[in-house]
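Student: Below is one structure. I have some questions about it.
Where a number appears in this text, it was derived from the coordinates with a stated rule and is not lab data. No experiment lies behind these values; they were computed from the predicted model shown. Positions of Cβ are backbone-derived with ideal geometry, glycine not excepted, and every protein chain shown enters the neighbour counts.
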Amino acid sequence: MTETGKRAQDASISDLGIKNATVHWNLSPNELANIAIEKEGAVLTSSGAININTGEFTGRSPMDRFIVKDDITENNIWWGNINIPFDKEKFDALHEKIINYLSGKELYVRDAYACADQKYRMNIRVVNEYSWSNLFAHNMFLRPTEEEIYNFKAEWTILNAPGFMADAERDGTRQHNFAILNFTKKIILIGGTAYTGEIKKGIFSAL
């Protein structure tokens with residue numbers, strides 16, 4: 001296990017169950033963009049932005065977003081075609097699969113805030129398989145100061161694994177891609193899609 005970058009002294013990816021990974025914490029936009037160009041097929045455009053092909057999905061997949069139905073959510077969510085219930089045991093099994101999938105990989109972690117109003121602000125930790133997904137998180141969410149990073153305590157965790165494909169019949173999803181919110185465990189699982197808007201929508205749904 002190798003972990004580099006700016007982070008709280010007691011922060012470690014192993015706290016999430018991920019093992020033997022090479023972890024980059026809170027890299028700068030330039031560092032992330034360079035990695036994306038060198039390793040992940042990103043192209044530098046004339047404006048200085050990077051161009052990414054997200055593959056199969058170029059937008060969100062609302063029918064593949066789920067919320068774990070449990071004691072906290074059962075009577076507090078308007079269940080239906082928008083808020084689709086997900087079995088908590090299936091979530092736990094899928095969570096373990098994603099942890100195993102991310103173990104041993106090169107990963108990118110971002111600590112950030114969601115919501116400008118401090119009354120409702122959430123401390124979030126985004127764990128990405130791809131550097132450019134982590135760059136998206138840097139651009140999308142509010143950024144802690146360096147001092148705040150060193151004292152950061154995450155409330156919600158997003159595990160973003162575009163390369164992990166669910167087995168719909170076994171895992172309880174509709175198809176291979178999914179975004180699942182667990183309000184009890186404060187974890188969001190995203191897999192089977194490289195479209196980064198799922199990260200944003202997941203956290204905004206939690207808010």
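Student: Ile37 versus Lys88, label points 7 Å from Cα toward the beta carbon: distance in nm?
Tutor: Taking the two extended label points, one gets 4.8 nm.
Student: Also, I was wondering about something else. Enter the Cα centre distance for the pair region 16-39 and region 118-176, rounded to the nearest angstrom.
Tutor: Cα centroid of region 16-39 versus Cα centroid of region 118-176: 13 Å apart.
Student: Given the options Asn160, Gly41, Tyr120, identify the residue whose Cα lies farthest towards the positive end of the charge dipole of region 2-206 (+1 on Cβ of Lys, Arg; -1 on Cβ of Asp, Glu).
Tutor: Going by the Cα projections, it comes out as Tyr120.
Student: Separate question: Give the percent of DSSP beta bridges with both residues in the chain that are antiparallel, rounded to the nearest 5.
Tutor: 40
Student: A follow-up question, please. Where does each of Asp15, Asp87 land when they are ranked from fewest to most other beta-carbon atoms within 10 angstrom?
Tutor: By the 10 Å Cβ count, ascending: Asp15, Asp87.
Student: Over region 7-66, what relative contact order in percent results from Cα pairs under 8 Å that are six or more residues apart?
Tutor: 16
Student: Could I ask something else about it? Hey, can you rank 115-121, 163-169 by average C-beta count inside 10 Å, highest first?
Tutor: Result, highest mean Cβ count within 10 Å first: 163-169, 115-121.
Student: Further question: Size of the dipole of the chain about the Cα centre, Lys and Arg at +1 and Asp and Glu at -1 on the beta carbon, nothing else charged, in debye to 20?
Tutor: Approximately 320 debye in magnitude.
Student: Full extension from Glu56 to Asp70: what is 0.36 nm times the residue separation minus their Cα-Cα distance, to one decimal in nm?
Tutor: 1.9 nm
Student: To continue, here is another question. Please list, ordered by chain and number, the residues whose modelled amide H lies under 5 Å from the amide H of Ile84; skip anything fewer than 5 residues away on the same chain.
Tutor: It is Ile67, by chain and number.
Student: Would you work out which of Ile82, Tyr130, Ile190 lies farthest towards the positive end of the dipole of region 68-207? Charges go on Cβ: Lys and Arg +1, Asp and Glu -1.
Tutor: Farthest towards the positive end: Ile82.
Student: Separate question: Given the chain, report the % of alpha carbon pairs whose separation exceeds 25 Å.
Tutor: Of the Cα pairs, 35 percent sit more than 25 Å apart.
Student: So what is the calculated 222 nm ellipticity per residue for the chain, using -39500 (n - 2.57) for each DSSP H run with n of 4 or more, over all residues, to the nearest 500 deg cm²/dmol?
Tutor: That calculation yields -7500 deg cm²/dmol at 222 nm.
Student: Taking 22 Å as R0, compute the FRET efficiency from the Cβ-Cβ separation of Gln9 and Glu106 and round it to 0.05.
Tutor: With R0 = 22 Å, the Cβ-Cβ based efficiency is 0.45.
Student: Which value in nm describes the separation of the simple spin-label points at Lys185 and Ile99, placed 7 Å from the Cα toward the beta carbon?
Tutor: In this crude label model, Lys185 to Ile99 measures out at 0.8 nm.
Student: Next up: Would you mind getting me the FRET efficiency between Lys153 and Met1? Use the beta-carbon distance for r and R0 = 22 Å, nearest 0.05.
Tutor: Given R0 = 22 Å and the Cβ-Cβ separation, E is 0.55.
Student: No solvent, one uniform scatterer per C-alpha: report log10 I(q)/I(0) for region 109-207 via the Debye equation at q = 0.13, 0.19, 0.21 1/Å, two decimals.
Tutor: So the normalised log intensities work out to -0.44, -0.89, -1.05.
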